[in-house]
Amino acid sequence: MKLDSSISAVITGGASGLGAATARRLAAAGVKVALFDLNAVAGVALAAELGGVFCAVDVTQEDQVDAGFAKARAAIGQERILVNCAGTGNAIKTASRDKATGEIRAFPTANFERIIQINLIGTFRCIAKSAAGMLSLPALEGGERGAIVNTASVAAQDGQIGQASYSASKAGIVGMTLPIARDLMGEGIRVNTILPGLFNTPLLQGAPDNVKAALAASVPFPKRLGDPDEYARLAEFMVTNGYFNGESVRLDGAIRMAPR
């Protein structure tokens, strides 16, 4: 797919981090962008900077996702690109013992379900609704109608202690990538997934310098945190390379996460 002003994109989690970097890179290529996010302050500011549109969307809420796509399409047209970056995580052991009291606790199921709802079901919800919209578009050269990029995590394969829900949600995204690509192959819509490693996103930017230094040192090479634009460049490549389809690709400096 050639990127220019005739192309529109929706980026979920687009107000910060990997999503914001992707929005900036696509906009720099002339693409019209819509940002789905809960952070209205950052989202409105970035949309204004890029000449795009901000849509307040919680991806777990069907009505908000529908309203977000409606607002985006009214402002910039039916998207041919969807990049799913919305997501969150937690760190709770499946069962644990309180060191001070000896009390035994089980992982609250509601907390597990929340991560699945946001990361996995939220991603699928946006894919399904975006793909349905893409089906209404005429095919481009080569029969292509659209391209979808999802965000999993290296935790899908190397989940650490306390990451059962997070790893399950991200492994689910990897697991559904090929079936969805096959579902949409007859309509000219490609689907790929990126598994980021340790990236310098807002989640890590608040960590103490010594913690960030230790994390960077754990990466085989290069020994640093990933730059969000490096994620954005891979997302852009997945969109523009018409033979890239049904793949889940690690972007992690060759790291393999230890148990903790």
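Every read-out reported here was derived from the displayed coordinates using simple, explicitly stated rules and does not represent laboratory data. Predicted model, so just to flag it, every value in this text is computed and none were measured. For neighbour counting, all protein chains shown are included, and Cβ atoms are generated from backbone atoms with ideal geometry for every residue, glycine included.
Can you give the FRET efficiency for THR240 and ASP183, using 1/(1 + (r/R0)^6), R0 = 22 Å, r = Cβ-Cβ distance, to the nearest 0.05?
The formula returns an efficiency of 0.50 here.
Kirkwood hydrodynamic radius, the chain, all distinct C-alpha pairs: what's the number in Å?
Evaluated on the chain, it is 18.8 Å.
Report, in degrees rounded to the nearest 10, the 0 to 90 angle that the Cα long axis of helix 228-240 makes with the longest principal axis of the chain.
40
Kirkwood Rh and Cα-based Rg: tell me the resulting Rg over Rh for the range 105-260, rounded to two decimals.
Dividing the radius of gyration by the Kirkwood radius yields 1.02.
Can you give me the angle between helix 62-76 and the longest principal axis of the chain, using Cα atoms only, in degrees from 0 to 90, rounded to the nearest 10?
Around 40 degrees separate the two axes.
Listed highest first by mean packing, meaning other Cβ atoms within 10 Å per residue, what order do 208-218, 171-181, 48-58, 239-249 come in?
48-58, 171-181, 239-249, 208-218
SER96 versus GLU247, label points 7 Å from Cα toward the beta carbon: distance in nm?
3.8
By average Cβ neighbour count within 10 Å, what is the ranking of 6-17, 118-129, 77-88, 157-168 from highest down?
6-17, 77-88, 118-129, 157-168
Picking from GLU113, GLU62, GLU144, which is most flexible by a Gaussian network model of the chain using Cα springs under 10 Å?
GLU113
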